[in-house]
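Working notes, beginning with the structure itself.
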Amino acid sequence: MRGSPPGRHTAAASSFALAVAATLTAVAGAAHLRLEASRAPMAAEERSRARLAAVEVRLRRLVLAAESAAGRVATLPETLSALAGEPGALARLFATLDAVRLSDDERPALAVHVLPLATRAWSGRITDPRALQGIAGPKRDVFVLAGSVTTTLVATRPILGPDGRPLGIATAELPVAIRRNIRNEYLSDFDRLAGEQAGVEVRYVDARDDVPEARAFPDLADGAAALEETLRAPDGGTLAHVRVRPPSPEDTLGPLSAAYRRVVSGLGLLALLAWTLRDTPRWRLRLAAGATALRALPLLLGPPVPAADSRLLSADVYASTALGPLTRSPLDLLLTSVWVLVLAGLLFERAASRLRPPARPAVALVVYLATLPALGGVFAWVADTSANCSLDLESIALVPASAAHLVLQISLLLVLAAGGLVLGAILCLAGPVPTAASGRLVRLGSATLVALAAFRLWPRDLIGLPLVPAVALVLLAALPGAGRPAWQDRLGSRGPGALAGLALATVALLALMLYPTLVHYGEKNARQQIEHDHAPLVRRQPQWREYVLRETRQRIDVLNVLEDLPWGSAPPLLEELAFAVWSSTDLAAFGFSSAVEIQDPAGSVVSRFALNLPAVGGSPPPLPQSDEWVTGRDDLPAAGGGGQVLHARRLLSYHGEVHGAVHVYVKDDFWNLPFIRPRDPYSVLYRTSTLGTTRSRPLALLAYDRSRRLLFSSAEQPPALSATLLERVRRHGEGFWTTLAVDGRPQHTFLFADSHALYGLAYPRMGAGRFTADLVEAGAGLTLLALVVLFGVLLVRTALGRARLSLPSLLEAVTGRFTLRLFAAFVAVAIVPVLVLQVVVRGFVADRLRSEAESDALERAAVAKKAVEDYVLYQRGEAPGLQPGLDAGLVYIASLVGNDLDVFHHGRLVASSKRELYDSGLLHPRVPGTAFRSLVLDSQPAIVGTEGIGGFSYLVASVPVRLDASEAGILSMPLGLRQKEVEAVLEDLDRTIRLASALFLVAAGALAHSMARRISEPIREVTAATRRIAEGDLAIRVAATSRDELLALVDSFNRMAADLERQRADLERSNRLAAWAEMARQVAHEVKNPLTPIQLSAEHLRRVYRDRDVDFAATLEACTETILKQVRTLRGIVTEFSAFARPPATRLEPQDLQELVSVVVRPYGTALPPGVRLVLEAPDVPQVNADRRLLERAVVNLVENALQAVGERGTITVRLQAGDDRVEVVVEDDGPGVDAEARARVFEPFFSTKTAGSGLGLALVKKIAEDHGGGVALDSGPGGTRATLWLPAASAAQRL
Amino acid sequence: MLSTPLLALSLAVPAAPRAFDEGPPEPALATRLDRIETAFRSGDAASLRLSLASSTKVHVDLPDLPDGPGSYGAGQLQVMFGHIFGAFGTREFSIHRDGVRVSRPGTAFARGRWVRRSQPDGPETVQVLTFTLREEKGDWRISEIRSSR
């Protein structure tokens, strides 16, 4: 009997060991946590001190970096040369400063100022020297400048001349904190001293403050104890105050507890997995229980991976309560879908394994009806996922957009697969399709009836099935059940490679169903969102605007703007003030096109910030008369975009003294709506809201007045509204869907109206070409993923030492088959050029696009330069010097050239069409040092560089512009919009190239497979035919199917086969003749021997009869005895020949060899010579199917041979033994043996080593054995001979 | 800024035209606001879900959201608020009824003040939420929750 496979024991041991490890870890973790909890109060102060020490270390590092950089700059040879006025030294200094800054990890902003504080050279974002007045001097110093938005650490070093006289100051600046209240993918606030840790507060002390040191922090509301410290510069000056709260026990124990839980969860899952995958007879129950436990464990302990902050665990990405706690995150959905798939698979396997006859029509109808809830459930699950997911699930790309996308799309694929299996299990209840045509017709009718009823009566609002995918899923599920016995047999006979191919094909089919399903539900959700959410948002926009303005006024009231800044403070302090006010109100929170202006008591605007609301006027607004809010409406000039603004203003007076005024403007537009895609690329920097649109559904908003005049459009090419449509909108005020040409392509548009205007919300209609391309990409992407998973399975099975479906088996299959080798070689050869082409094309196009963008920008910059110079000249005609209001001119010129513009003079910003980027501190109001050096110092005609705002980087084209006679100015054109266009084109190009590459590889693979088969088919046929020839079928021939070299191979083979056949026929004939001749010779020889005594006896009788003297009676008796004896001998010879020539036995019956051999051997026991011993070893052995008589004859022959061999003395052993599906009769003697030459011929007919005998004995034994499907073997030597007769056991013979 | 020769007549009036219905909210709206308050105070995300728009996604902007503001389904928001309520114990939540504004047709704005702690004995944070509610067949449902500055 065979024992349990060793793998089963290994799996059991592993499972047990892992379970023990999990338990021990849990116990150890609990003890550790208890210990830490008991130590927590004592450790709290320790941890607070550690936090504080970390802050101090960070500060020391920053101070050291700033001081070191300032020191380097102060001692550069180029610095002294530049300050000395050497020709070319200034340009070299700029270059050196850039190099020094880039070589420093902290990248401090560097500057060289001449006394009294005029900047000569710089690199990076340096503070305006006016802000340093009275603070920075020719001495070594470190201090902080704390603005409303940006806090900067500044280090200064004196630049000393050869005589030790101070010539200037070198500064190095590092931003230590930013507070913009903006959080998006590009920007976020930070504080480098406080870091990311909670419980650390830092208050920076501005060097310009005259306030003496006081307690920086108020008492904590909860009365908790905290550590406070003052952070000082090397010279003792105060830089900041820091307060550190002690960490709560949860802060300490939480991560530790989470870490233990994850380890225990991981070990537990591995233990369950090992237990589940054991190969046992009751594997179905084990798999179901194991899968359920594997799903339950992460619910209790949490998953071991990924990290807690992963998007795979984030409900922000996906979460649903439809299945309770089972779908609270993308990972939950994946685990649940795997679990459901396993259970569905078991259900299907169970249903499919039971053979049923075709069900009656009524039963089949009920079965078909029963599929509807399952079908509805599957698609309801997909619909629910689509409705509760923030991602664009329809984007199933070759390269997944993110891990979360991948996990969710795989999960939905598994849901479809599980649904298909459940449907298949239900359909199996109907049995296979009847073979009769009438039965098939009835089945088809039932299915059609159910389908029609479903799609007519289905509650569309509830679920709304996508038609094609639903039908496809049902058909896919119905296929296995329709022809069940056939596919089961076919599947069982296939190797693992074919099964893997079937799995991949199934994945591809499911992917082709998934994509249209997601598009269907995406479309449905989008329309509902537009009708029921976006349209009402548009309608309520005026009220919303007024509401937010009201709240903004209330917010500004509590800010006490300007209260703490006495008049006369350095103006640069105020530059960020308007932005600080704006960003602290809901105007920023909700992204309104708006502006905040701060006036001084004289009415001058000292600070302004505006989002999408350019300043186009020259004179400031009049000072408000009251410190109560006054709100009204202003009209915007056409240069500013036209339209109206809500304008609220009030005086800022404190304690009876007027400190200034504040104006708030909110424009009448819709750019703040979260679903509108703005045209301005920089607006993404201010938005803290993500777009609610998808890649395939960017929304555009159109607004028209009652005269069909366009009021607002977020599209570049809005359509004109026809009178017919206008009338229809009036009649259907709540809205209706139509198709309009927006931005030059047909778009689904929802038209609706309110009392003021008509609106349209439009998104692009997906064309058939785009749909097909995306469908193919989805199928290819998910199939590729399945291929990767399959490869992973191969790796795992290889690691587990499995023989089938492992890497070695794959390699063997590939190398062992010419077709696969050829196919693999074709694909490998195709991949390399495709990948190279992909990289080359992409690189070429990207370079080309960038180059074109730069050329286009420089051309437009040249046009803008001319316009700016003319404008400045025109303005100068009215008054000398650069006039205020250049911003308004730039806004107009920017609209002409289609790009934003900035103008710098003497290195500082003097005008911009995008002031808010500078007023908010996002951009620095000083031209980059590289541009200044190239254009002003080196007089280059143009330069294109790269700038960045947080993570948002863009190209900038700059040209010199003549503003006055003193020095050339610089006109810069940031290419953010163009860059976005280029990036969008490149993204589309990437997708197209990837898809084309994938399709090309698939086509190459298909072609390779076809060619490989055509090449290898004739070789395979020749191989098979050769095998048949080796088995003796020489009549086989191979059909010639090609006309190339393979035809010669086939012809040669066929000729060879024909020759072999002819030669065999000749050989058989000559063998037959030889056999006849031999037999005739033997017969003659055998017969001749008895004939001689017969003849002699007869002659003797005649002689005696003639001679009357001899006793005739006695002679007659003797001679007749001799004659009869010889006749008996002749008869025996004839009998032997007859037995040898007899056809195979036809009466086979189960024979008990133990009994048979005993019966044959027993008689010999009484007639043995005295020196001969006969031993019988006859254990119980399996029965054999045999003709008893023949079998007895064979055994007798073997025993007789042995008796003749031993002669008068020896031992003969007759033994029975059982082998692999056979039984052996062994007759062994200790006679002299048979020499090797005779041994080779003992089984030939008529061969004998004895003087007596026909020579047919062993030949007969061999024939009898072979007729029974067995054989005989002889092993002989000087010590004896062993003859083994073996026959197949009766059970093995039956299987055969 | 705007007083240039090109600027048209500036219409300055003492107060903006009335765009809202002011006064106590109508009963259905008042009931809904009560339920929202109850849900926040008790930290019951399932109850809060019943106040959310059911047929469309809800736009939510809270600093707790790691990915930033976005549009979420009702089921998603139930789970998300479950996490938020679990992490931050609500000490106080109230919607100022006097500040509720109803614009016609069927849109209301309300502000809630949310006081919560990050730990049982940790510091309190105060957040102002602006709710936009939309009337659906006589019932008011939240279509937007935004964190105000």
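The values are calculated or read from the model by the stated rules, or taken from the named source; none is laboratory data. Source: prediction; values computed, not measured. Every residue, glycine as well, gets a Cβ built from its backbone with ideal geometry; the counts of neighbours run over all protein chains shown.
Here are the numbers:
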read-out: Residue match in the range A:142-163 (condition: aliphatic (A, V, I, L, M), out of contact with any Cys (no Cβ under 8 Å at 6 or more places or on another chain) and not in a strand (DSSP E or B)); value: yes
read-out: Odd one out for A:N1054 among (1) outside any loop (DSSP other than H, G, I, E, B); (2) more than 26 Å from A:A1012 (Cα to Cα); value: (2)
read-out: Residue identified as at pLDDT 80 or above and crowded, with 22+ Cβ neighbours inside 10 Å among A:V897, A:V944, A:V903, A:V910; value: A:V903
read-out: The range A:538-553, residues that are more than 8 Å from chain B (Cβ to nearest Cβ) and in contact with a Leu (Cβ under 8 Å, 6 or more places away or on another chain); value: A:V538, A:Q541, A:R545, A:V548, A:T552
read-out: Some residue of the range A:279-301 being among the hydrophobic types (A, V, I, L, M, F, W, C) and in a loop (DSSP other than H, G, I, E, B); value: no
read-out: Residue in the range A:1157-1166 that is loosely packed, with under 14 Cβ neighbours inside 10 Å and aliphatic (A, V, I, L, M) present; value: yes
read-out: Within the range A:651-664, tally of residues that are within 17 Å of A:Q554 (Cβ to Cβ) and either within 14 Å of another protein chain (Cβ to nearest Cβ) or outside any strand (DSSP E or B) (or both); value: 3
read-out: Hey, B:L65 in contact with an Asp or Glu (Cβ under 7 Å, 6 or more places away or on another chain), at pLDDT 70 or above, within 9 Å of another protein chain (Cβ to nearest Cβ) and over 25 Å from A:R539 (Cα atoms) or not; value: yes
read-out: Subset of the range A:721-752 [at pLDDT below 90 and touching a Lys or Arg at 6+ places or on another chain (Cβ under 7 Å)]; value: A:L721, A:L726
read-out: Some residue of the range A:1209-1217 being part of a loop (DSSP other than H, G, I, E, B) and either without any contact (Cβ under 8 Å) to a residue 24 or more places away in the chain or under 25 Å from A:V1172 (Cβ atoms) (or both); value: no
read-out: Residue satisfying condition, being small (G, A, S), surrounded by 11 or more Cβ atoms within 10 Å (Cβ to Cβ) and closer than 30 Å to A:A1141 by Cβ, within set A:A1065, A:A1035; value: A:A1065
read-out: So A:D669, is it within 13 Å of chain B (Cβ to nearest Cβ) and closer than 23 Å to A:L890 by Cβ; value: no
read-out: Complete set of residues in the range A:105-140 that are assigned to a helix (DSSP H, G or I) and either touching a strand residue (DSSP E or B) at 6+ places or on another chain (Cβ under 9 Å) or without any contact (Cβ under 8 Å) to a residue 40 or more places away in the chain (or both); value: A:P129, A:A131, A:L132
read-out: Residue satisfying all of: in the range A:604-637; more than 22 Å from A:Q541 (Cβ to Cβ), among the small types (G, A, S) and within 11 Å of chain B (Cβ to nearest Cβ); nearest to the chain's Cα centre (by Cα) among these; value: A:A615
read-out: Pairs with Cβ under 7 Å, 6+ apart, first in the range A:964-993 and free of Cβ contacts under 8 Å to residues at least 40 places away in the same chain, second part of a helix (DSSP H, G or I); value: A:A968/A:L935; A:A968/A:V936
read-out: Qualifying position, being in contact (Cβ under 8 Å) with a residue 24 or more places away in the chain, assigned to a loop (DSSP other than H, G, I, E, B) and touching a helix residue (DSSP H, G or I) at 6+ places or on another chain (Cβ under 7 Å), among A:I426, A:I410, A:I396; value: A:I396
read-out: Criterion (more than 24 Å from A:E228 (Cβ to Cβ) and touching a residue at least 40 places away in the same chain (Cβ under 8 Å)) met by exactly one of A:L35, A:L76, A:L18; value: A:L18
read-out: Counted residues, the range A:413-452 - those being of a type in the set (G, A, S) and either closer than 30 Å to A:G781 by Cβ or at pLDDT below 80 (or both); value: 6
read-out: Options A:G302, A:G324, A:G345; residue that is under 31 Å from the mean Cα position of the chain (by Cα) and more than 14 Å from chain B (Cβ to nearest Cβ); value: A:G345
read-out: Criterion (surrounded by fewer than 18 Cβ atoms within 10 Å (Cβ to Cβ), more than 25 Å from A:L391 (Cα to Cα) and away from every other protein chain (no Cβ under 11 Å)) met by exactly one of B:R116, B:R97; value: B:R97
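Table: residues versus (1) touching a residue at least 12 places away in the same chain (Cβ under 8 Å); (2) surrounded by fewer than 17 Cβ atoms within 10 Å (Cβ to Cβ); (3) at positive phi.
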{"position": "A:R261", "(1), (2), (3)": "yes, no, no"}
{"position": "A:W275", "(1), (2), (3)": "yes, no, no"}
{"position": "A:W283", "(1), (2), (3)": "no, yes, no"}
{"position": "A:L287", "(1), (2), (3)": "yes, no, no"}
{"position": "A:R295", "(1), (2), (3)": "yes, no, no"}
{"position": "A:P306", "(1), (2), (3)": "yes, yes, no"}
